[in-house]
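The values are calculated or read from the model by the stated rules, or taken from the named source; none is laboratory data. Predicted model, so just to flag it, every value in this text is computed and none were measured. No Cβ is skipped: glycine too gets one built from the backbone with ideal geometry, and neighbour counts run over all protein chains shown.
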There are 2 protein chains.
Amino acid sequence: MSRKLLGIDLGGTTVKFGILTLEGEVQEKWAIETNTLDAGKHIVPDIIASIKHRLDMYGLSKEDFIGIGMGSPGAVDRQENTVTGAFNLNWKEKQEVGSIIEKEVGIPFSIDNDANVAALGEGWIGAGNNNPDVVFMTLGTGVGGGIIADGNLIHGVAGAGGEIGHMIVEPINGFACTCGSYGCLETVASATGVVKVARLLAEAYEGSSQIKAAIDNGENITSKDIFVAAESGDSFANSVVEKVSFYLGLASANIANILNPDSIVIGGGVSAAGEFLRSRIEQYFLKFTFPQVKLSTQIKIAKLGNDAGIIGAASLAKQFLTK
Amino acid sequence: MSRKLLGIDLGGTTVKFGILTLEGEVQEKWAIETNTLDAGKHIVPDIIASIKHRLDMYGLSKEDFIGIGMGSPGAVDRQENTVTGAFNLNWKEKQEVGSIIEKEVGIPFSIDNDANVAALGEGWIGAGNNNPDVVFMTLGTGVGGGIIADGNLIHGVAGAGGEIGHMIVEPINGFACTCGSYGCLETVASATGVVKVARLLAEAYEGSSQIKAAIDNGENITSKDIFVAAESGDSFANSVVEKVSFYLGLASANIANILNPDSIVIGGGVSAAGEFLRSRIEQYFLKFTFPQVKLSTQIKIAKLGNDAGIIGAASLAKQFLTK
């Protein structure tokens, strides 16, 4: 039997698992709830128990696997295979992860942060088509990302590489960001950022608009409401999408002007707006890039959805192939 | 005798040569004029003749060398070792470079573009201290750059990686750039860009200033004049340096927010302003970066001056060590 990869996508709500071929085909996948009680001390044992249980169920043993890869929130130490400060897991202190899983399961283990791992997944099997130069941007509760350049995931000197959400796109009058800066991409292009842009633009807008009316009435609106209204012809909502696309196009252009990737892949909840959003971003991207980049770097929507995490995590384990 | 590297820095005025140890020590260096007559057809033969002459002079033979590396202007094909569109050399059409030099000199040859090669030099022996994550920015007639990330020079899918000068720092009312975009870093931070910023700010400035007076009198001023006046207390010149530093700090911060390099090294003629400029850029850099990057990425002034080219070129030849 050909040997397999095991990918684990650790999140605050569920832990997703996938058994993949070396070519990235998902053969089995399952998920368990993340039990964050007691400072998250059940998480690693639950993962181990679930792996053992499924391997039994599928008639597989540790010899069938090349390795295990995992994507995790928080600050990941890739040498020590530990995680620190993953607040949605209740892991405030340093947590041993890899050493315990390797000992209990007997398969080599590798870990990286969740946004980087999703970038690896989209870069390998998803919209990136296995190109060695792919940038992934995820627009969700926050804005995260991962950068693959010349075939390597870029971590930087302190592991802060790929933090696309903290590029400054509004240096003069930007919104305050949780990071302490003002005008970060995350403050205008995350799900909550899109709503912030809408609230600001609503102050000056004078036409009729459902969305503007909802904001003025103090109703809760979501980024999805805004995209749906914009597609239905609400011109206020449209002006919000235009402004958000300007910021995303500017940030994408500045990434491409210095890295010239094959593609910038946009994923996460906000990217559900699909081609409607992609084409708008592309307009500004083409305005802000120089000729060689215009011709060679593409803006794409992510393909893998929720599977990006397990697929990218599994790809981490390919490193054990030559060892 | 230990084996050596030969580095060649090909420019529009001179061709510089260096013989280096594997540790990057320059043992010999010399230069010849670049003869751009007759569509630049003398350049490669002149380089070959100069290498042969010097090797004779120093009593060295091809066996003493691991390889030759070269930095060139224009569009470099690193697989074919050719150069196209190097207008300051009069090489409009594709020019065979590596194949001819290898055949005539008998030493393995490698080539990359001049800004990338300077980045390799500063990254290896210069301000980068051989760190695997170093970004180099050169402020001269134009603004160029090179990015070393996770130990690799980033070329991108079409070889346009590292074009820091075309990051957009003024997306709304920027100056036109030669690349066709508006608001590129090069339009405000190259030697001519600094003067453009001064001309724009002069329109609204009302105090007394030598520099403002010179602009209003239609005199030619240089970026150096502006930096010298600013250091001497000319408050108009100071406002120009402040604005240029804002742009450089913003661009540096956005590079660091996504790549988190150990350092961003600033070289080129404009960087002769030294600590006066560096500290100003750093103020804006610290304003626009998030905490992990503030703590781990530094802004530095380049150390190697004109030698960055031959040193970086020589470093290209280290790849032949294992072959």
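Summary table below
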item: Looking only at segment B:136-154, and only at residues there that are closer than 16 Å to B:PRO73 by Cβ and assigned to a loop (DSSP other than H, G, I, E, B), the one that is nearest to the other protein chains (Cβ to nearest Cβ); result: B:GLY142
item: Where B:VAL117 falls short, out of the listed (1) within 16 Å of the chain's Cα centre (by Cα); (2) surrounded by fewer than 22 Cβ atoms within 10 Å (Cβ to Cβ); result: (2)
item: Residue tally, condition free of Cβ contacts under 8 Å to residues at least 12 places away in the same chain and among the hydrophobic types (A, V, I, L, M, F, W, C), over segment B:204-244; result: 4
item: Enumeration of residues in segment B:81-110 that are under 18 Å from B:THR14 (Cα atoms), touching a Leu at 6+ places or on another chain (Cβ under 9 Å) and among the hydrophobic types (A, V, I, L, M, F, W, C); result: B:VAL83, B:ALA86, B:LEU89, B:VAL97
item: Test: A:GLU186 is touching a residue at least 40 places away in the same chain (Cβ under 8 Å) and within 13 Å of chain B (Cβ to nearest Cβ); result: yes
item: Yes/no for A:ILE226 being surrounded by 23 or more Cβ atoms within 10 Å (Cβ to Cβ), in contact with a helix residue (DSSP H, G or I) (Cβ under 9 Å, 6 or more places away or on another chain) and either within 14 Å of chain B (Cβ to nearest Cβ) or in a helix (DSSP H, G or I) (or both); result: yes
item: Every residue from segment B:1-22 that is part of a loop (DSSP other than H, G, I, E, B) and either surrounded by 15 or more Cβ atoms within 10 Å (Cβ to Cβ) or modelled with pLDDT under 95 (or both); result: B:MET1, B:SER2, B:ARG3, B:GLY11, B:GLY12, B:THR13, B:LEU22
item: Residue, farthest from the chain's Cα centre (by Cα), within segment B:158-178, restricted to residues that are free of Cβ contacts under 8 Å to residues at least 60 places away in the same chain and facing chain A (nearest Cβ under 7 Å); result: B:PRO171
item: Scan of segment A:268-311 for residues that are assigned to a helix (DSSP H, G or I), within 16 Å of the chain's Cα centre (by Cα) and either facing chain B (nearest Cβ under 9 Å) or touching a residue at least 60 places away in the same chain (Cβ under 8 Å) (or both), ordered by number; result: A:GLY269, A:VAL270, A:SER271, A:ASN306, A:ASP307, A:ALA308, A:GLY309, A:ILE310, A:ILE311
item: Residue match in segment A:80-89 (condition: at pLDDT 95 or above, more than 27 Å from B:PHE285 (Cα to Cα) and among the aromatic types (Phe, Trp, Tyr)); result: no
item: Top-ranked residue in segment B:89-114 [being part of a helix (DSSP H, G or I) and in contact (Cβ under 8 Å) with a residue 60 or more places away in the chain; ranked as nearest to B:ASP38 (Cα to Cα)]; result: B:LEU89
item: Tally of residues being touching a Leu at 6+ places or on another chain (Cβ under 9 Å) and among the charged types (D, E, K, R) across segment A:288-323; result: 2
item: Condition check for A:ILE215: surrounded by 21 or more Cβ atoms within 10 Å (Cβ to Cβ), modelled with pLDDT of 95 or more, in a helix (DSSP H, G or I) and over 22 Å from the mean Cα position of the chain (by Cα); result: yes
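So that you can scan it fast, the table gives a plain yes or no per residue for (1) touching a residue at least 60 places away in the same chain (Cβ under 8 Å); (2) within 22 Å of B:SER315 (Cα to Cα):
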{"position": "B:ASN35", "(1), (2)": "no, no"}
{"position": "B:ILE47", "(1), (2)": "no, yes"}
{"position": "B:ILE51", "(1), (2)": "no, yes"}
{"position": "B:GLY67", "(1), (2)": "yes, yes"}
{"position": "B:GLY74", "(1), (2)": "no, yes"}
{"position": "B:VAL83", "(1), (2)": "no, yes"}
{"position": "B:PHE87", "(1), (2)": "no, no"}
